[in-house]
Amino acid sequence: MRKPKTVIEKIWEKHIVHHEEGKPDLLYIDLHLVHEVTSPQAFEGLRMNNRKVRRPDRTFATMDHNVPTIHRNVIKDEVSKTQMETLKVNCEEFGVPLADIHHPDQGIVHVIGPELGLTQPGKTIVCGDSHTSTHGAFGALAFGIGTSEVEHVLATQTIWQAKPKTLNVKVDGKLGKGVTAKDLILAIIGKFGVKFGTGYVIEYTGEAVRSLSMEGRMTVCNMSIEAGARAGLISPDDTTVEFLRGRRHVPEGEAFDQLAEEWKALATDEGAVYDETVEINAEEIEPQVTWGTNPGMCIPVSETVPTVEDGTNENEKEEIKRALEYMGLKGGEPIDSVPIEHVFIGSCTNSRLADLRKASEIVKGHKVNPNVRAIVVPGSHSVKAQAEAEGIDVIFKEAGFEWREAGCSMCLAMNDDVVPEGERCASTSNRNFEGRQGTGARTHLVSPEMAAAAAIKGHFYDVRHLDVHATI
Amino acid sequence: MEPIRKHEGLVFPLNRANVDTDQIIPKQFLKRISRQGFGQFVFYNWRFDSKGELRNDFSLNQPKYENTSILVAGENFGCGSSREHAPWALQDYGFRVIIAPSYADIFYNNCTKNGILPVILTEDEVQTLINNAEAEQYHLTVDLETKKVYDSQGFEATFDLDDYKREMLLNGWDDIAVTLSHADKIDQFEAARD
């Protein structure tokens, strides 16, 4: 009998171009996504060495990190403008397809890949962005790379990679009502830490993972990098197939059915062995809120912020002390009493139609607290259009949210969407690092539902206790 | 890139774990389209206050660490964003070697593409180096050929680095050129699939 294999091993083996004992493998890359921030120096490198883009047809570019989300034509920052113009010039010169700022396909690179059906099971996908792990939701091997590697992939359509170890993150049980994919991944990182995935590719398995929608799976895989893993994926199944059916870059009819069978055959075999397995029970997970300056510093919304004494050694105590100081929090205070000034619903973690729908259900009939400025930034032009067709924009706007154009926006505040120094933001993004949303800004990561509840209440609030039908 | 074989330099101790690439270089400096000139922005929010003045409470600003070229830090160094601007900034500032108990994968890889040697030592060894460098001006020698780190007072530790990365760093090779020597294999691979 054939040795049972994980989905990771199956994809890896199908992409080896060159193998030499004791060295990394040369892997073929099926899809290379490109954006304006990490690509200019790579294209410049090609130009200097008189090299071409080997497979423009396997490359796709968009603008997301820098783009303005209020007026598309008003880019105040000249340097941002140059970076976007540079991408346009580079794509024209090297023949790379580009969804620029005015294009109907424009959006966050990790939202549009799946939306267009470019992301497919079994593919190797790279992008000069650490959240490329998002595409793993489809059973693709997808990981972030640096700019030197972007140049390498542009020139050769391959990358040198040492075969990673495999880590099974098994989530049994069912997530409770009001507990989302975001809470699940935050709880995983909170439990096992921000580096438990380093050196591994994670496969998420178990009942709770299988029950997630594709949007939920993308949220989980997106934050694999916050656990240290370059890639995190989920075996393809019927949910994966149905999401992709009818998308622009997948075939139709019989060709699709045949492909769907091939995709499903990639799923991890019964009895396959992982290098490591960790387990968490979904039933125990509550809605999460981060209190500190990395995503592992998170607690259930019902709990209190840790104290310095909770550190198990001197370095950990020092780390908690620094985080509390930066965040302006006192150890021991209940997290749900902490007032906020900003709410950001968006980012490659939580800006898809399903995220906006769920947040809007919480918001409907309520008003944003007068002390809060709340913005919704759809993940793509297409998400925005669909949401508007469903009237979701009206729900948000009537409640007092600002409804913006698509982009990365306040997740990393490279454009004008910045949280001011010392102010606090409930954010559906992925990183609560110091200064991430603006110098001195204080970020708390939450689910879209929890962000919506915080916007209404003006402080963190357990969304499960919010009467969504009552008006206040 | 510039080859690195043996490097002797002044150590800067950064006794923090999980230093992310947003701290190494904040996003407002990622908009340039060249690889040069990022050194002035390294650890920007720790080195400068909101008025752009040098802060006294961050030790890299102290004269005793001027001309440092070896950074010693806590575990999971370089986590977060894949931005290669982080190693560009460290290198442009003058760092040629980083020593830590562990690194984020993408950052580690990015270092080796830019002539920065990322050394992994044990937590205890790293703590010893940090204590030494906090106490006084402290110099180390890092030898990539023998994979050893040592000082003049008897500290010696060995480290590991995979042969491929080591060869690239020792020779300062551009790996696109190496890959293109396998171009026939890439052609065959594509011919069999497309």
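The values are calculated or read from the model by the stated rules, or taken from the named source; none is laboratory data. Bear in mind the structure is a predicted one, so any value in this text is a computation, not a measurement. With ideal geometry, Cβ positions are generated from the backbone for all residues, glycine too; neighbour counts draw on all protein chains shown.
In region A:173-199, the residues that are at positive phi and touching a residue at least 60 places away in the same chain (Cβ under 8 Å) form Cβ pairs under 6 Å with partners that are of a type outside the set (A, V, I, L, M) and crowded, with 19+ Cβ neighbours inside 10 Å, at six or more places apart or across chains, as follows: A:G193/A:G296. Give the residues of region B:149-166 that are charged (D, E, K, R) and loosely packed, with under 15 Cβ neighbours inside 10 Å, sorted by residue number. Matches in region B:149-166: B:E156, B:D160, B:D162, B:D163.
Of all residues in region B:144-158 being closer than 26 Å to B:K64 by Cβ and in a loop (DSSP other than H, G, I, E, B), which is nearest to the chain's Cα centre (by Cα)? For region B:144-158, the residue satisfying everything is B:D151.
Inside region B:54-103, residues that are charged (D, E, K, R), surrounded by fewer than 23 Cβ atoms within 10 Å (Cβ to Cβ) and touching a Gly at 6+ places or on another chain (Cβ under 9 Å) make up a count of 2.
The one condition from (1) more than 9 Å from chain A (Cβ to nearest Cβ); (2) in contact with a Ser or Thr (Cβ under 6 Å, 6 or more places away or on another chain) that B:F58 does not meet is (2). The single residue among B:K165, B:K185, B:K147 that is of a type outside the set (S, T, Y) and at pLDDT below 95 turns out to be B:K165. Annotation note: of B:E75, B:E8, the sole residue that is part of a strand (DSSP E or B) and in contact with a Ser or Thr (Cβ under 8 Å, 6 or more places away or on another chain) is B:E8.
Taking region A:282-313 as the range and being away from chain B (no Cβ under 14 Å), hydroxyl-bearing (S, T, Y) and either over 17 Å from A:H444 (Cβ atoms) or part of a loop (DSSP other than H, G, I, E, B) (or both) as the test, the residues that pass are A:S302, A:T307. Residues considered: A:A406, A:A426, A:A453. Of these, the only one that is touching a strand residue (DSSP E or B) at 6+ places or on another chain (Cβ under 7 Å), outside any loop (DSSP other than H, G, I, E, B) and either touching a residue at least 24 places away in the same chain (Cβ under 8 Å) or closer than 30 Å to A:E333 by Cβ (or both) is A:A426. The set of residues from region B:1-15 being closer than 14 Å to B:A133 by Cβ and in contact with a Phe, Trp or Tyr (Cβ under 9 Å, 6 or more places away or on another chain) comprises B:G9, B:L10, B:V11, B:F12, B:P13, B:L14.
The lone criterion from (1) at pLDDT 95 or above; (2) more than 18 Å from B:S34 (Cβ to Cβ) left unmet by A:N90 is number (2). Elements of the type helices (runs of 4 or more DSSP H) sitting completely within region A:314-397 and holding at least 1 residues that are modelled with pLDDT under 95: these cover A:314-327. Selection over region A:105-123 of residues that are over 22 Å from A:H381 (Cα atoms) and crowded, with 24+ Cβ neighbours inside 10 Å gives a count of 1. Residues in region B:102-143 that are in a loop (DSSP other than H, G, I, E, B) and either basic (K, R) or in contact with a helix residue (DSSP H, G or I) (Cβ under 6 Å, 6 or more places away or on another chain) (or both): B:K113, B:N114, B:I116, B:Q137, B:Y138. Filter region B:41-56 down to the residues that are of a type in the set (A, V, I, L, M, F, W, C) and in a loop (DSSP other than H, G, I, E, B) and list them by number. Answer for region B:41-56, where residues must be of a type in the set (A, V, I, L, M, F, W, C) and in a loop (DSSP other than H, G, I, E, B): B:V42, B:F43. With respect to A:G178, determine if the residue is out of contact with any His (no Cβ under 6 Å at 6 or more places or on another chain) and closer than 30 Å to B:D187 by Cα. No.
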